[in-house]
1. On the protein heavy atoms, probe 1.4 angstrom, tell me the percent of accessible surface of the chain carried by carbon and sulfur.
2. Taking 0.36 nm per intervening residue step and subtracting the Cα-Cα distance, what contour gain separates residue 95 from residue 197 on full extension?
3. With an 8 Å cut-off on Cα pairs and a minimum separation of 6 or more residues, tell me the relative contact order of the chain in percent.
4. Using just the helices of the chain, give the 222 nm mean residue ellipticity in deg cm²/dmol: DSSP H runs with n ≥ 4 each add -39,500 (n - 2.57), and the total is spread over all residues, rounded to 500.
5. What's the FRET efficiency of residue 207 with residue 175 using the Cβ-Cβ distance as r and R₀ = 22 Å, to the nearest 0.05?
6. Just 106, 66, 208 to compare: in a GNM of the chain, with alpha carbon springs under 10 Å, which one fluctuates most?
7. Among (i) 53, 39, 37; (ii) 55, 36, 34; (iii) 74, 55, 32, which is the computed Cα extents along the principal axes in Å?
8. Keeping all protein chains in place, calculate the accessible area per residue for the chain (probe 1.4 angstrom), answer in Å².
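The values are calculated or read from the model by the stated rules, or taken from the named source; none is laboratory data. Given the structure is predicted, the values throughout are model-derived calculations rather than measurements. Positions of Cβ are backbone-derived with ideal geometry, glycine not excepted, and every protein chain shown enters the neighbour counts. In case anyone asks, the SASA skips ligands and DNA or RNA and just uses the protein heavy atoms, side chains included. Shrake-Rupley method; radii C 1.70, N 1.55, O 1.52, S 1.80 Å.
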Amino acid sequence: MNGNDALIKYLAAGKVASMTLDAPERRNALSTRMIARLREAVAAAAADEAVRVIVLDHAGPVFCAGADLRESAAATGPDDLPAAHLAELLADLCEVPKPVVAVARGAAKGGGMGLLAAADLVVCDGSAKLAFSEVRLGVVPAVIGPVVARRLSPALMRRLFLTGESFTAVQASHWGLVSAATAADAVDLHRDEAVEHLLAGGPGAQAGIKALTATADLRERLRAAAALTAEYFFSDEGREGVRSFIEKRTPSWVD
């Protein structure tokens, strides 16, 4: 599946398959189409016997701004929401029997944080701003909750979900959400080092380790969480939050 479309680029070269989010003009927002293309890329990498490591990268200054809110605002049912499809992508990343390295050179929010949490190793520009921003839209980050819970303590997860506050990749590295937070000009070096370390391991053993350390019933939990996320997106508060963001105004609950 080497090739490009308007939303992602996929390249399998030797032992590494690279998936690049490629909608920088939309801050790599996760639309249902982008999610579908990413799922196809994960499946292609899983099926390619030559591929040992998957790298998730991005074009432009923003890693991922989260779910496509214009698509979410237009949704008339759960199947129209990007969040419903995101659950399957996160499960794919967690369950694929090959290591996944995510690379964030810029900001990540909402569903983009789910992509980072679902990866096995995360390399970031240390100054990159991260946030679980859903609460400021009047919705709950339920769909990413099961993968974030594998990395953060319950108390810290509650705080970051409740406040929606921004934090740096350096802070996230201290909490275990990010594997390496480095200077901007050293991100590629740390990515390559991570890939090199992974290629030194046995592929069968790595598949076994991912299975051994997997979260029980993760896909089912993610699907249930996506249904909860949908409830909040379709609530009056969620509708108001998304509209206010699109209209670039303060939501009604803020004085």
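1. Solvent-exposed carbon and sulfur of the chain make up 55 percent of the total.
2. Full extension from residue 95 to residue 197 adds 34.7 nm.
3. It rounds to 19 percent for the chain.
4. Details: 11 runs with 115 residues, N = 255.
Computed mean residue ellipticity for the chain: -13500 deg cm²/dmol.
5. With R0 = 22 Å, the Cβ-Cβ based efficiency is 0.20.
6. 208
7. Among (i) 53, 39, 37; (ii) 55, 36, 34; (iii) 74, 55, 32, the one derived from this structure is (ii).
8. Working: 11320 Å² over 255 residues.
Ligands and nucleic acids excluded, the result is 44 Å² per residue.
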